[in-house]
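The values are calculated or read from the model by the stated rules, or taken from the named source; none is laboratory data. What you see is a predicted model, and the numbers here were worked out from it, not measured in a lab. Cβ coordinates were reconstructed from backbone atoms using ideal geometry, including for glycine residues, and neighbour counts include every protein chain displayed. Surface accessibility is based on the protein's heavy atoms, side chains included, excluding ligands, DNA and RNA. Shrake-Rupley method; radii C 1.70, N 1.55, O 1.52, S 1.80 Å.
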Amino acid sequence: MRIVIAGASGLIGTHMSATFRTAGHEVISLVRREPSAATEARWDPARGELDPGVLAGADAVVNLSGAGIGDRPWTRTRVAELYSSRVDSTRTLAKAMHKLDVPPATFLSQSGSNYYGDTGNTVLRENSPAGSAILSRLCLEWEEAAARAPHGVRVVTPRTGVVFSRSGGALGKLLPLMRLGVGGPLGDGRQYWPWVTLPDVSAAFLFLLESEISGPVNLCAPEQADVDTIVAALARALHRPAVFRVPAPVLRLLMRDLAEELLLSSVRMEPGVLSAAGFHWQHPTLAAAAGWVAGKD
């Protein structure tokens, strides 16, 4: 397939592009600067500018665009940027598709597990309702923008959970502390994180590209775990203690809404669509994931 990717330079996009190319697909990356290779094409999502010709002849478009959720404090300006970098870019892609006589057959547009909000121990499937928090509303608008793709385009919105990688990503600030033996659980540790490893994210997107699945897809590992369990598994894999718990009031004081929605909310998500479709995880268990993060495979 010829696949156009928006957001190819990020942690997930870089790994995903390599995965697609290894599988034999052609990848065109959308960039905001002057292209430096034939595999790049320029666009300006903030201005809604994308030459529809870039998408002509493409079999699929993958949208991973978006400013980092946890990179900076959530000022009013930053929250507006989180919205615009996702919703506007998605609308720009959909608008360009509408200008083609034959648009790409498939549009995979990233969403997030925060779609559901803080739901405690409730098991969340793809038909569970959206929450009302900041990130829930963002994910809802993000998915609605993807749904604006032309009639006949297969739209898939993977609601990706907490992505584990060996550097950067969700564990970017926690792992160095844990390697030093000074990390630990966040809050009371009973909140569920719908975790998934970086290789499984890329593999799942490839699986979805080659499938006939449409609509929302919960993208997480099949094994559910709370933060206490996740941190303990990582500590065992790293052969380090994890006893320095950070209390919820401290996190709220330091990070405000960012702590509440990213670190302390509980999202017990189940990957029902992927499981039913026969997707095979490389790291289906927390033990396997922690071992991979620690560099044991």
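General remarks:
- Local electrostatic count at GLY66 - Lys and Arg +1, Asp and Glu -1, tallied over other residues with Cβ under 14 Å: +1
- Between region 56-89 and region 176-243, the Cα center-to-center distance that results, in Å: 22 Å
- Options ALA96, GLY120, LEU11, ranked by Cα towards positive dipole end of region 1-157, top entry (Cβ charges): GLY120
- A simple charge model with +1 on the Cβ of Lys and Arg, -1 on the Cβ of Asp and Glu and nothing else charged puts the dipole of the chain at about 720 debye relative to its Cα centre.
- Candidates ASP44, ASP71, ASP188, ranked by Gaussian network fluctuation over the chain, Cα under 10 Å, top entry: ASP71
- Dipole orientation for region 203-297: of the candidates LEU264, ALA203, ALA276, LEU264 has the Cα lying most toward the positive pole (charges on Cβ; Lys, Arg +1; Asp, Glu -1).
- Accessible surface of the chain [probe 1.4 Å, protein heavy atoms]: carbon and sulfur percent: 54 percent
- Rounded, prolate or oblate (a/c below 1.5 giving rounded, otherwise prolate when a/b exceeds b/c) for region 173-297 by Cα gyration tensor: oblate
- Correct choice for Cα extents along the principal axes in Å that was computed from the model, options (1) 70, 47, 30; (2) 58, 41, 39; (3) 62, 59, 38: (2)
- Residue of THR106, THR119, THR75 that the Gaussian network model of the chain assigns the largest fluctuation, springs spanning Cα pairs under 10 Å: THR75
- Most mobile listed residue (ALA203, ALA18, ALA146) in the chain, GNM with C-alpha springs under 10 Å: ALA18
- Relative contact order for region 31-150, counting Cα pairs under 8 Å that sit 6 or more residues apart, in percent: 27 percent
- Excluding ligands, DNA and RNA, the accessible surface per residue across the chain is 44 Å² with a 1.4 Å probe.
- Cross-link reach list, aspartates and glutamates versus LYS99, counting only Cα pairs under 12 Å and skipping chain neighbours closer than eight places: ASP51
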